[in-house]
1. Here is a list: ARG344, ARG315, ARG278. Which entry is in contact with a strand residue (DSSP E or B) (Cβ under 7 Å, 6 or more places away or on another chain), away from the ligand (no atom under 16 Å from the Cβ), modelled with pLDDT of 95 or more and at negative phi?
2. Name the single residue, out of those in the range 79-99 being more than 15 Å from the ligand (Cβ to nearest atom) and among the hydrophobic types (A, V, I, L, M, F, W, C), that is surrounded by the most Cβ atoms within 10 Å (Cβ to Cβ).
3. Please count how many residues of the range 363-378 are crowded, with 17+ Cβ neighbours inside 10 Å and either in contact with a strand residue (DSSP E or B) (Cβ under 7 Å, 6 or more places away or on another chain) or not aliphatic (A, V, I, L, M) (or both).
4. Give the number of residues within the range 16-64 that are touching a residue at least 24 places away in the same chain (Cβ under 8 Å), more than 30 Å from PRO368 (Cβ to Cβ) and of a type in the set (Gly, Ala, Ser).
5. Against the conditions (1) outside any loop (DSSP other than H, G, I, E, B); (2) within 14 Å of the ligand (Cβ to nearest atom), where does GLN58 fall short? Just the number, please.
6. Condition test on GLY210, is it away from the ligand (no atom under 15 Å from the Cβ), under 24 Å from SER258 (Cα atoms), touching a residue at least 40 places away in the same chain (Cβ under 8 Å) and in the same structural domain as LEU83 (by TED's automatic domain parsing)?
7. Restricted to the range 108-125, and to residues that are closer than 18 Å to VAL364 by Cβ and aliphatic (A, V, I, L, M), which residue is farthest from the ligand (Cβ to nearest atom)?
8. Test MET76 against the criterion of being more than 16 Å from the ligand (Cβ to nearest atom) and touching a residue at least 24 places away in the same chain (Cβ under 8 Å), and give yes or no.
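The values are calculated or read from the model by the stated rules, or taken from the named source; none is laboratory data. All values reported here derive from a predicted model rather than from experimental measurement. Neighbour counts run over all protein chains shown; Cβ positions are idealised from the backbone, glycine included.
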Amino acid sequence: MIAQLSRLDELAVVSGRPRFEEKLHVGRPNIGDRAALMGRIEDMLDRLWLTNNGPLVQEFEARLADYLGVEHVICMCNATVALEIAIRALGLTGEVIVPSFTFVATAHALQWQEITPVFCDVDPASHNLDPRQVERLITPRTSGIIGVHVWGRPCAIEELSEIAARRNLKLMFDAAHAFGNSYGGQMIGGFGAVEIFSFHATKFFNTFEGGAVATNDAELATKIRLMKNFGFAGYDNVIYIGTNGKMSEVSAAMGLTSLESVDTFIAANKRNHHAYRRGLAGLPGVQVIAYDDGERCNYQYMIVEVDEAAAGISRDDLVRVLHAENVMARRYFYPGCHEMEPYRSYFPHSHLLLPETEKLTQRVMSLPSGTAVGPDEIGPICEIIRAAVENPDALRPYLAAADGRH
Ligand code: T4K
């Protein structure tokens, strides 16, 4: 056990002595049963079949379809390529409405194929696309909407579906954060035309690198399968434009193993989430975002919103305090996509249309969770935050000095 933090001068920004010897990262991978993983890899090596729709990928896709309750799951090398392929298979062109408050992959997947991402503001409560703003951004060039279930919290799916149907637009979801979550009791994966998951190492459920498209549309699934394998319909028979989006067998081995431990991973995230909530309860200006306990939820992102006016300290200064302690809090998502290149140059005034996004990018930070941390780490992390929020004036000169050192 780590001793209680009793005095301000025990903070590392003051003393120079970090609370944790080793860095605590956001996005530390969860690893399932190593023996099961190694067994699958040994079998794979014996089979001499390493990629190109091997038996492990086929088994993984079938298990995922079952878990998600969808007709078709197509595994891919990562979610970014899965997004690109799904966007192309859906026939999106011209302009597509997306949030700016997302990982830049969502926007890049469009711009990569010369489709303009039109950045839409978010609802400050859910951090997801604000449907009223979506409606205002539709032009004759708009072909679709990509909602992102940020932190795994479902978008306003019904409102977005209604707008898409009424305005004759395609609707798909970037569900990179939402594997294992439900909306109205139905698993994320079955909404819109397609939903895309990420199984990157930093996701609570990982395949090293990986992603998947889930859909109930058989025609679309066939098209996506062709596109992720160069358009091959059989030996020597290319019938479509395609690329290489295939998942390898070793990733599927990891995926199948991760799936066997998915409930354990979720339980660790949930325990951590509630430990943080207890540890930070009552702190002015520091709010842990809530998940709906009535739905299935992976609790993978431990997100705190810092209101500088109420907390007396900015999000960025809190991140400085935590980094000095080797708690590697992250500013997801900062800056918004509209402030990143090439979008910043293409649309220099878009920040004027994104007031809630601008606020959120200044307020949000992500804290370590997953199986790599537990109450022994979370208790001290909360104490560090508490000590900083309770003593902002005393800390200011040390923070200025720490800033100068970086
Ligand atoms: N859509 C959304 C909404 C997304 O959030 C993402 C990805 C995508 C689409 C695209 O999915 P993929 O194409 O990646 O499948 C990380 C992840 O790389 C990215 O997958 C994720 N979202 C994003 C939110 O976070 P970075 O640039 O912040 O990664 P990095 O290298 O700084 O690592 C993050 C943290 O994880 C660090 O604190 C260190 C730790 N880490 C990382 C790796 C790779 C480990 O402890 N072990 C590891 O193996 O993007």
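1. Working: ARG344 fails: in contact with a strand residue (DSSP E or B) (Cβ under 7 Å, 6 or more places away or on another chain); ARG278 fails: in contact with a strand residue (DSSP E or B) (Cβ under 7 Å, 6 or more places away or on another chain).
After applying the criteria, what remains is ARG315.
2. Here is the first cut: in the range 79-99, the residues more than 15 Å from the ligand (Cβ to nearest atom) are 88-95, 97.
Narrowing the set further to residues that are among the hydrophobic types (A, V, I, L, M, F, W, C) leaves 89-90, 92, 97.
Numbers: ALA89: 26, LEU90: 23, LEU92: 23, ILE97: 28.
Filtering the range 79-99 for residues that are more than 15 Å from the ligand (Cβ to nearest atom) and among the hydrophobic types (A, V, I, L, M, F, W, C), the one surrounded by the most Cβ atoms within 10 Å (Cβ to Cβ) comes out as ILE97.
3. Counting residues in the range 363-378 that are crowded, with 17+ Cβ neighbours inside 10 Å and either in contact with a strand residue (DSSP E or B) (Cβ under 7 Å, 6 or more places away or on another chain) or not aliphatic (A, V, I, L, M) (or both) gives 11.
4. Counting residues in the range 16-64 that are touching a residue at least 24 places away in the same chain (Cβ under 8 Å), more than 30 Å from PRO368 (Cβ to Cβ) and of a type in the set (Gly, Ala, Ser) gives 1.
5. Every condition holds for GLN58 apart from (2).
6. Working: away from the ligand (no atom under 15 Å from the Cβ): no; under 24 Å from SER258 (Cα atoms): yes; touching a residue at least 40 places away in the same chain (Cβ under 8 Å): yes; in the same structural domain as LEU83 (by TED's automatic domain parsing): yes.
No, not satisfied.
7. The extreme case among them is ALA125.
8. no
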